[in-house]
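Notes for the one structure printed next.
The values are calculated or read from the model by the stated rules, or taken from the named source; none is laboratory data. Remember, it's a predicted structure, so these values are computed and weren't measured experimentally. Neighbour counts run over all protein chains shown; Cβ positions are idealised from the backbone, glycine included.
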Amino acid sequence: MKKTRIGILVGTKGRGSNMRAIIEACQSGRIPGEVVAVFSPKDNTPAVQNAHALGTEVILVNPDEPDFAVQFLSLIHCMRIELLCLAGYMRLLPKEIVQAMPGRILNIHPALLPKFGGKGMYGMKVHEAVIASGEKESGCSVHYVTEEYDEGEILLQKKCPVYPEDTPQTLAERILPLEHECYVEAINLWIERHDD
Ligand code: GRF
């Protein structure tokens, strides 16, 4: 069976747990894909170290370079990457990248979009906002990446309860394993839809 060629773009904080979940799911055959590269804006983060430990090539990129979009798209093209997964990358991608890969870039967000997304909504700020709003449910969303923060079509969500005694930390801990399941399932859905 043909394996989908996947790239993962991590962030400077680079904890990389979603990255790990995707690589491990590919390696164990739960995703009919192969992570051909992890792109990181920073060296020596836990994500970079984990990617190396899992035998995945790491390519350092610099989103602040004026020709970042051209260089990045050239890597995507040369490595024949079909699907790009953002995992902890907090910035907007240049529009040239988004426009060159329509429907081929996914991101995961630790809440039930369209609520609790947008500029500045990342990390603990998301869980703080969910708790402050009194929501009884939260979860995570895998969505297509567009030129705006967290606005693309939602591919898959998973839900969990929010308890009255929750802190942002306890809620984040409940959601993280759901993120890993959700990303793996969403990638499988994406592959089914692009099975040509
Ligand atoms: C996750 O909470 C994800 O939803 C958000 O950034 C975080 C990345 O965590 N986009 P990790 O690096 O995958 O552990």
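Looking across region 137-158, the residues that are closer than 13 Å to residue 115 by Cα and either more than 15 Å from the chain's Cα centre (by Cα) or among the hydrophobic types (A, V, I, L, M, F, W, C) (or both) come down to 137, 138, 140, 154. Count of region 139-196 residues, restricted to those that are buried (at least 20 other Cβ atoms within 10 Å of the Cβ), touching a Pro at 6+ places or on another chain (Cβ under 8 Å) and of a type in the set (A, V, I, L, M), is 1. Select from region 77-99 the residues that are under 20 Å from residue 185 (Cβ atoms) and within 13 Å of the ligand (Cβ to nearest atom) and write down the one among them that is surrounded by the most Cβ atoms within 10 Å (Cβ to Cβ). Once the filter is applied, the top-ranked residue is 85.
The condition (being free of Cβ contacts under 8 Å to residues at least 40 places away in the same chain, under 23 Å from residue 35 (Cβ atoms), within 12 Å of the ligand (Cβ to nearest atom) and among the hydrophobic types (A, V, I, L, M, F, W, C)) is satisfied by just one residue among 156, 189, 178: 178. Taken as a whole, the condition of being surrounded by fewer than 17 Cβ atoms within 10 Å (Cβ to Cβ) and farther than 25 Å from residue 2 by Cα does not apply to residue 102.
Could you check, for region 8-15, whether at least one of its residues is surrounded by 21 or more Cβ atoms within 10 Å (Cβ to Cβ), over 23 Å from residue 148 (Cβ atoms) and in contact with an Asp or Glu (Cβ under 8 Å, 6 or more places away or on another chain)? No, the conditions are met nowhere in region 8-15. Listed here are the strands (runs of 3 or more DSSP E) enclosed by region 2-76 that have at least 3 residues being within 13 Å of the ligand (Cβ to nearest atom): 4-10.
Screening residue 84 on (1) in contact with a helix residue (DSSP H, G or I) (Cβ under 9 Å, 6 or more places away or on another chain); (2) in a strand (DSSP E or B); (3) more than 21 Å from residue 149 (Cα to Cα) shows it passes everything except condition (3). Inspect all residues belonging to region 22-40 and state whether any of them is of a type in the set (Val, Ile, Thr), farther than 23 Å from residue 191 by Cβ and at pLDDT 95 or above. Within region 22-40 (the criterion being of a type in the set (Val, Ile, Thr), farther than 23 Å from residue 191 by Cβ and at pLDDT 95 or above), the answer is no, since none of the residues qualifies.
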